[in-house]
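What follows is a set of notes on a single structure, which appears directly below.
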Amino acid sequence: MNLSYLFDASHWDPGTTGSFPDLLLAHLGYVALALLIGTVIALPVGLYIGHTGRGSFIAINAGNAGRSLPTLGLLMLMVTLLGLGLLPVLIALTVLVVPPILTSAYAGMRTLDHQVVDAAKGMGMRPWQVLTRVELPMALPVLMSGFRSAALQVVATATVAAAVGLSGLGRLMIDGLAVNDYSRVLAGAIVVALLAVLLDLLLALAQRWIVSPGVSKRF
Amino acid sequence: MITYLSNNGDTVLAALRQHIWLALVPVLLGFVIALPIGWLGVRFPWLYHPLVNVAGVLYSIPSLALFVFLPVLLGTKILSPLNIVVALTIYTVALLARTVADGLRAVDPLILQAASAMGYRRLKRLTDVELPVALPVILAGLRSATVANISLVSVGALIGVGGLGQLFTRGFQLFYLEPIFVGIILSVLLAAVADGIIVLIQRALTPWTRA
């Protein structure tokens, strides 16, 4: 295993374009942006459908459709339609974020105990209070699992986005393959795999922290 | 799109055929490997959490990274289709081992006691009682693994073997929408058909769930 590229100090200088810190930052930027936009779109819709039960069909099928979309095809379609640049890639990434979050928000709202919701109403809570103080906290574990799979999906697809000219850690693999520098390919694979694993771990910890002990039964 | 298809029918069919192979061989291999692993996670309960964690870590590795990393482990050429098959098998095992364990764990203990009381030995009880009862859960996992594999194969086009993914790279290089559209539509259709077939298999194998 040739790790010379990975352990070459000059590739770790944050100032240079194409160094690990530079690519990592770009990668995280795409991931964060796509997750933010995707959540802003998908969360309210998923919560609404789950809360009212209207349009369940959309929520259930969004998840299936999202899983079966080939990510590379979506990326290349967007870039061929709209030209090179950040916008088409961001649209493709956001399209991939929406289904898991929408479906899990819906599923979280549907599977929670209705007696608790009735009790909250009986105590005189307004619909908005029921949503934010009862339903949302109880739906959070399911919602977070959807968010985590969305995050992993985006990290992986942002890697592939290097093939359509974007920066990010995928550059190391795509460029390395193009110039037959396997040491660089390997460095990219290792760093991006570590990033995905660490991000998932961080989100798992965040989930423990934000889910109420009364819901997760850890008290 | 029609003209594209009539002029490039052979290319598209070859890509589709390769796509089916690359996606479904790992599903079968992964299923066969995941069954005993999942069972171990139930038979030895202390194994369950390590199993779930390892599976989670493996599943979170981005596909392109796994495709290009495997040659180091396997000694294969970087452009070998074997890398894709092994990578997708790893994802399938990671997804299914957990589902198998969860499915078997969810079998009602009363059913197990009844089977044992009727004289079933451990292996016979596993194959004749536990697996059939856990089948709906296991097949639900198999459906998501199959659909995920079919959409992941395309990424292989970046290392030269990607079934329908080759239509994407070709369209992208030539700035030509038709092959990309055809590739996406065929990939989504293939996923839907494979999913439907598993649903039919499930209906045939578990008639009691519809009673």
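Taken together, the values in this text are just the output of simple stated rules run on the coordinates, not laboratory data. None of these values were measured; they are calculated from a predicted model. Cβ: placed from backbone, ideal geometry, glycine included. Neighbour counts: every protein chain shown.
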Item to complete: On a C-alpha basis, how far is the centre of segment A:7-83 from the centre of segment B:58-117 in Å? Whole number, if you could?
Response: 25
Worksheet, complete the sentence: Shape descriptors of the protein assembly as shown over alpha-carbon atoms, Rg and Dmax in angstrom, are 22.8, 72
Item to complete: Work out the P(r) tail for segment B:71-211: percent of alpha carbon pairs separated by more than 26 Å, whole number.
Response: 44
Worksheet item: When N counts the residues of segment A:28-116, how does its alpha-carbon radius of gyration compare numerically with 2.2 N^0.38 Å, as a ratio?
Response: 1.21
Fill in: Simple spin-label estimate for B:Val52 and B:Thr3 in nanometres, 7 Å along Cα-Cβ
5.7
Worksheet item: Looking only at other chains, what is the average number of their beta-carbon atoms within 10 angstrom of each beta-carbon in A:58-68?
Response: 3
Worksheet item: Which semi-axis lengths, in whole Å and largest first, follow from the square roots of five times the eigenvalues of the Cα gyration tensor of segment A:72-187?
Response: 43, 15, 9
Worksheet, complete the sentence: Sorted on mean Cβ neighbours within 10 Å (highest first), peptides B:53-62, A:164-173, B:79-88, A:123-132 come out as A:164-173, B:79-88, B:53-62, A:123-132
Practice prompt. Report the residue, chosen from B:Leu158, B:Leu66, B:Leu74, that carries the largest GNM mean-square fluctuation when chain B is represented by alpha-carbon nodes joined by springs under 10 Å.
Written response: B:Leu74
Worksheet, complete the sentence: Partner shielding of A:185-198, taken as the mean number of other chain Cβ atoms within 10 Å, equals 5
Fill in: Protection proxy ranking, peptides A:139-147, B:107-115, B:90-98, average beta carbon neighbours within 10 Å, highest first
B:90-98, A:139-147, B:107-115
Practice prompt. State the answer as a single residue: which of A:Leu136, A:Val95, A:Val164 lies farthest towards the positive end of the charge dipole of segment A:83-169, with beta carbon charges of +1 for Lys and Arg and -1 for Asp and Glu, about the Cα centre.
Written response: A:Leu136
Worksheet, complete the sentence: Out of B:Pro50, B:Ile159, B:Leu24 - ranked by how far each Cα lies towards the positive end of the dipole of chain B, with unit charges on the beta-carbon of charged residues - the top one is B:Pro50
Worksheet item: For A:Val116 and A:Leu33, FRET efficiency with R0 = 30 Å and r from the beta-carbon atoms, rounded to 0.05?
Response: 0.25
Worksheet entry | Qualifying chymotrypsin sites (Phe, Trp or Tyr not before Pro) in segment B:138-211, DSSP loop, other Cβ atoms within 10 Å at most 10 | B:Phe175
Worksheet, complete the sentence: Per-residue ellipticity at 222 nm attributable to helices in chain A (runs of n ≥ 4 DSSP H, -39500 (n - 2.57) apiece, nearest 500 deg cm²/dmol) works out to -24500 deg cm²/dmol
Worksheet entry | chain A: angle of helix A:86-111 to the longest principal axis, Cα-based, in degrees nearest 10 | 30
Worksheet item: What span do the alpha-carbon atoms of chain A cover on each of the three principal axes, reported in whole Å from largest to smallest?
Response: 67, 43, 27
Worksheet item: Over all residues in B:72-82, what is the mean tally of Cβ atoms on other chains that come within 10 Å of each residue's Cβ?
Response: 1
Fill in: Label-point separation in nm, A:Val179 to A:Leu87, each point 7 Å along Cα→Cβ
3.2
Practice prompt. Taking 7 Å along the Cα-to-C-beta vector as the label spot, tell me the B:Ala192-A:Trp209 distance in nanometres, rounded to one decimal.
Written response: 4.3
